[in-house]
Amino acid sequence: MTGSDLQFFKGWFSEFCKSFHLDNEKEQRNITLKEEHTLHVCENILAVGRNESLSINEKLLAETLALFHDIGRFPQYAQYRTYKDSISVNHGLLGANTLQEKKVLDRIPRREQDIIIDAIKFHNAFTVADIADKDKLRFLKLIRDADKLDIWRVFIEFYESPDEEKPEAVGLGLPDIPSYSENILPLINSRQIISFAGLKTFNDFKLLQLSWIFDLNFMTSFMLLTERDYINRIAATLPQTHEILDTVARVSAYVREKLDNA
């Protein structure tokens, strides 16, 4: 693909987003949230890829993937008024289907289309999909890291914002109460990724977000995580119990271990 292809895709994305804009200010916050998230993920994927020896063409492909990775969020919210896949639709599959139905990618080679479509389909899976194709797997890992890096930002800003400024769709419908499920902590301490299934409180989700660190794929991702102080900022919003502080210390030690062994 070429730089002009990317510019075309950026223009298409902008118009696509505008078609979902809402007059209701509170609901429009949820649309704006995803537009801004997309732009940050585009920046992240280039930052992560900078140390991965991507060619000029691969950088264009990576940015296009980031631009379209959450395209399914817009029709998802329009129909269901939620971003919870579990009660609506898998936004990764919806996004891939949307791009294919609208033939958005037809201007670039089929091989590049396939890399983008497969990465969008599986970017939100619980773990990295078992893909034999090394190029497809590489781009899937890139988008998963770039996406997580900004999802952390989105939720940390949500935690730190006044209630009247919080986008409603970020809340996930979990009760925001002081308690948390203690059975989650041993799983994180054993470096396991936590599933959405069985979450009972918003604190459980915050702990789940800490477990995403064990799913990062690139050293630059660990560097950006550290530079942005995400672990400590999430930890500051959790109950300051001995058990949680110990778990946070273990997660931080894992990150230091990764960086020290780079």
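Here is how the numbers come out for the structure above:
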read-out	value
Condition broken by Ser252, with the remaining ones in (1) more than 22 Å from Leu174 (Cα to Cα); (2) over 22 Å from the mean Cα position of the chain (by Cα); (3) surrounded by 13 or more Cβ atoms within 10 Å (Cβ to Cβ) satisfied	(2)
Residue ID - surrounded by the most Cβ atoms within 10 Å (Cβ to Cβ), chosen from residues in the range 1-60 that are in contact (Cβ under 8 Å) with a residue 40 or more places away in the chain and basic (Lys, Arg)	Lys34
Filter pass, Asp135 being under 17 Å from the mean Cα position of the chain (by Cα), farther than 25 Å from Glu27 by Cα, acidic (Asp, Glu) and part of a helix (DSSP H, G or I)	no
The range 110-132, subset assigned to a loop (DSSP other than H, G, I, E, B) and within 20 Å of Gln76 (Cβ to Cβ), residue modelled with the lowest pLDDT	Phe126
Selected residue (criterion: modelled with the lowest pLDDT) from residues of the range 177-199 that are under 23 Å from Val128 (Cβ atoms) and among the polar types (S, T, N, Q)	Ser195
Of residues in the range 206-249 being among the basic types (Lys, Arg) and buried (at least 16 other Cβ atoms within 10 Å of the Cβ), the one nearest to the chain's Cα centre (by Cα)	Lys206
Test: residue in the range 12-26 that is at pLDDT 95 or above, assigned to a helix (DSSP H, G or I) and under 14 Å from the mean Cα position of the chain (by Cα)	no
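The values are calculated or read from the model by the stated rules, or taken from the named source; none is laboratory data. The structure presented is a predicted model; accordingly, all values stated were derived computationally and were not measured. Please note: Cβ atoms are built from the backbone with ideal geometry, for glycine as well, and neighbour counts cover all protein chains shown.
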